[in-house]
Structure formats: structure tokens, C-alpha cells
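Working notes, structure below.
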Amino acid sequence: MDHYRSRSPNSSYHSRPSAYERERGDRGRSHCENQRFRPNSQRQHQSGSAAEQNPLNSRALSTRRELYERDFPVYKQPVEVGSFSLDSERRFFNDGRQMRYYVEPERNPNFDLRDGYKDRFIKRDDSVKEKLDHILRWVVANRSKLNSRTTSASSCALDVDFVTWRGHLTKLLTTPYETREGWMLAATKFRGTIYISEVETEAARRERENRTERHEEMMYWGYKFEQYTCADNVHGAPDPGGVVNTNEAFCTVVQTRLADHRLLFSGEVDCRDKDPGAPAPPACYVELKTSAEICTPKQRSNFHRFKLLKWWAQSFLPGVPRVVAGFRDHEGVVVSVETFHISKISQLIKNEYNCWRPTVCMNFCCDFLTFVKRTVTEDSPSMVYLFSWEPHRDVTFSVHRDSQFSFLPRWYVEEMTRRPDSQHQS
Ligand code: A3P
Ligand code: MG
């Protein structure tokens, strides 16, 4: 597969550069650098005018949708550079041992998603905040793959601008359309790379600690659907009688570029196509989802406006081409199964009035990363720039040195400070 292709939201990968990439010859200023970071004003965005240059003292970034209605930014086809696994006790392995294989269910399978909730469920402790630790472990184990252009004299240890989780980027993509949940993202620059790690908001903590029993059970349903549709081996069959253990995970690590931002991120992958002739990762991966069955036009509209936005953002980022959805009734029985191709989602939603647009999502993410690059200037593992956002507000930030927010572990800093050729000593 061609590493240098760019992507558009409603087609498959295409090899010709976008109009924007041709115009700037892929060397000039990024399109998104022309986007203004508005401190408090309500000025209208004037595309391309000199007046919108970003004032260097800007302390906030607007999330208003109309500011991001422009050409789709260059988003290179994501390339899988590795993968890792977390076992039933959440231990890290630098390999794909937790990979699962998709076994297509019947169209109307009547899977009972409540089965096993009481007696065959081991739930990951989500009060434990793992921050970027698993990705950092992967980076340490695969450092030579990432710093090919770096010499020991260089201050840049990795050939990327940002390291983060895919889930954090998904939140950024959906921010211009989010009306309920805010977020906090901590950013630290270390040897030229900016690491972005989520900090739980007070509201999210309260919600996590006060979930209803019904909510807890419904969170299990998604994992149970995975168990009905995944086998552990390429020639195996799903085992609905087994234990659902949400500590287990298979994660892909991908590299890509959004405009002039070189990204390295990891995301959990539910399963892959088991056909030996399937394309290479990430194109063979399948995302599994559950959703309430759709019975009315209003429910269909809500599904398009809210669910498909999240599903699209999550899978578009790592280049996962399809989502298999199990639609369930109130009792947690999957009454139908449908496949959604990520490249066709923008067509599916086109008749929804005032609906979300992929270009707004990607341009906002791009501008946020530019904002972070301009803000996070001090290169130090103990410095955290904390970006915060609440619905209907601008993104703002605060700065913290040696605080509770520091998230790069000592073992990582020490390992990355050593010369690459001394990696395996001691
Ligand atoms: P559904 O996606 O079917 O809702 P993912 O789809 O991202 O692989 O996540 C698998 C399952 O984890 C979800 O299934 C859901 O059950 C649970 N889950 C993930 N994120 C969640 C969240 N923020 N709140 C509640 N449940 C979540
Ligand atoms: Mg899933």
C-alpha cells in the first residue's frame, strides 16, 4: 500500500494529492495555520485573509463549526507500524497475541447480550488511570522503527510531532458537535515530541462513580457482542459460553500525517477479517458496535446525527474500513446486524438537515494540534500544558510544572534519554 496517499472522507484512499496539497506543494505553510485562534471575539472566519493570522498571544481556540468549514485537510493513509496486546491481567506484550478473528453472524441472530453479566464477566478497573503507559512501553520496545532519521546529536528522539491514544483524537474530531461532555487533555513536550494524555474531568469522575446498575449492564453488552462475533483463532468459532474479560485488548499502532502534524497513535482493534486474502492491516480490521434498534424516523435521524459521527471518527482515524453493528432491543437481544463502510457514511447522512461534516471534524483537530504546537514551547518531561474544553466554550489552557498532572513516567524519560545504541545495556 502506498504510504504517501492522502485521504478524503467519502471515498477510498486516492493517490492524487488534494487541490490544497498541490497548491502549497506540500512544503508551504499549513492550511490550518491560517486559521485564527480567537481569544473571545465572535468575528466571522474569512477564509484566506491576512486578517485572520493567529495572534501569538492567543490563549483560546474556538470550537464553532463554521470556522472549520473548508477543504478537507491532507490526511495520509494511516500505516500500521506495530501492535501490542494486553492480557487478562492487563499485562503488556509487544505482539499480537490478543488479535481476534471476525466470524460473520446471521442477519437476525437473536444474541442475548445479558447472558453472563452476573457470572462470566471480569471488568477492567476503570478507576486505574493508565495514561499513555502502554504506548510508551511499545515506543521503548520499537524505538529503532521510529527514529531512523535521528542522530544522537539531534534533540528530537522520535520522528513524530504527537504521540497519543486514538480515543483522544476521536474526542477532538467530535468536539465541534459535542454538547454534553467536556474534556481535559494534558500535553508535555519531551525531546521535540508532544505527548497528549487525557485527564478525567470532575464531571466524568462523578458519572463513573455513580453509574446505575442498568448503565453498568449496558456497558457489558458491547463486549458480549464482541464475544458472539469473534474467534481467538483464524479457524476457530466464537465461544459465547466463555468469560468476558475487558482487561484483554489488541491495539494497533499507526503513523500518519494530518496537514503538517506527524502523528503516532494507538487504538484498540476489535477483530480482523480472517480471510488470508484480506488486505494488510489496518484495512483488514473490523470495528464492532451495538446500538438500540431503529424503529422510527426520529430514531434513524438521531442515529445518523450522533452515533454515526462517533463511529466514523473512531474508525476513520486509524483507517479501519468497516463497522459491524448489532442492533438490540430493550432486553439486550440483537435483532439485526448491519455493516457500515466508513467511506460511505458521509453519503448516508447527506439528507440529514444541519448534520455533522467530516471536514469540520478534521479541520478542528488540525487547528487544535497547531494551537498545541504554538502553546507547548518548553521541552521538559515534568511540564504539563493542560487544555480544557466545556461545551459552548473555547478551548483554554493552564500550565503546570512538577504537578499531579505530570504523566511521562521516569522509566520512559530515562530510557529515551539514553543513546539508542546503549538501549540494550545494563
Ligand atoms: P459498543 O461500542 O457496542 O457500545 P468499542 O466499541 O470502542 O470497541 O468499545 C467496546 C464496548 O465498550 C462498547 O460497546 C461499550 O459496551 C463499552 N464502552 C466503551 N466506551 C464506553 C463509554 N465511554 N461508555 C460506556 N461504555 C463504553
Ligand atoms: Mg467496538
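The values are calculated or read from the model by the stated rules, or taken from the named source; none is laboratory data. Keep in mind it's a predicted model, so treat the numbers as computed, not measured. Counting neighbours? That spans all protein chains shown, and the Cβs are built from the backbone with ideal geometry, glycine included. Heavy atoms of the whole protein, side chains included, go into the accessibility calculation; ligands, DNA and RNA do not. Shrake-Rupley method; radii C 1.70, N 1.55, O 1.52, S 1.80 Å.
Annotations for the structure displayed:
- What a 1.4 Å probe finds exposed on segment 188-259 is 47% carbon and sulfur by accessible area, rounded to a whole percent.
- Pairwise label distance in nanometres, residue 213 with residue 329, each label 7 Å out on the Cα-Cβ vector: 2.3 nm
- Ordering of 181-187, 228-234 by packing [mean C-beta count within 10 Å, highest first]: 181-187, 228-234
- Once backbone amide H atoms are built at 1.01 Å from N, residue 124 has 246, 247 as its partners under 5 Å, excluding neighbours fewer than 5 places away on the same chain.
- With all protein chains kept in place, the per residue accessible area of segment 84-139 amounts to 57 square angstrom at a probe of 1.4 angstrom.
- Residues whose amide H falls under 5 Å from that of residue 74, counting only those 5 or more places apart or on a different chain, are 259, with hydrogens built in the peptide plane.
- The calculated FRET efficiency for residue 336 paired with residue 237, based on their beta-carbon distance and R0 = 30 Å, is about 0.90.
- Calculated Rg and Dmax of segment 213-328 using C-alpha coordinates, Å: 15.9, 48
- With each label modelled as a point 7 angstrom along the Cα→C-beta vector, the residue 390-residue 202 pair spans 0.9 nm.
- Cα gyration tensor category, rounded, prolate or oblate, for segment 121-261 with a/c compared to 1.5: oblate
- Phi angles across segment 140-146 convert, under the Karplus curve 6.51 cos²θ - 1.76 cosθ + 1.60 with θ = phi - 60°, into 3J(HN,Hα) values of 4, 6, 10, 4, 5, 6, 10 Hz, Gly and Pro given as x.
- Heavy-atom SASA rank of 331, 287 (probe 1.4 Å, accessible area, largest first): 331, 287
- Counted residue by residue at 0.36 nm each, then reduced by the alpha carbon distance between them, the extension gain from residue 94 to residue 419 reaches 114.8 nm.
- Segment 205-237 residues near the modelled residue 127 label - backbone nitrogen below 13 Å, point 7 Å along Cα→Cβ: 205-206, 208-211
- Order of exposure, largest accessible area first, which applies to 339, 174 with probe 1.4 Å: 339, 174
- J(HN,Hα) series, segment 239-253, from Karplus relation 6.51 cos²θ - 1.76 cosθ + 1.60, nearest Hz, glycine and proline x: 10, x, x, x, 8, 8, 10, 7, 6, 6, 7, 10, 10, 8, 10
- Solvent-accessible surface (1.4 angstrom probe) belonging to residue 392, in square angstrom, nearest 10: 150 Å²
- Sparse-neighbour loop sites [GluC sites (Glu not before Pro); segment 69-102; at most 10 other C-beta within 10 Å; DSSP]: 89
- Integer Hz, Karplus 6.51/-1.76/1.60 couplings in order for segment 68-79, x for Gly and Pro: 10, 7, 8, 3, 4, x, 5, 10, 5, 4, x, 10
- Solvent-accessible area, 1.4 Å probe, carbon plus sulfur percent, for segment 65-113: 37 percent
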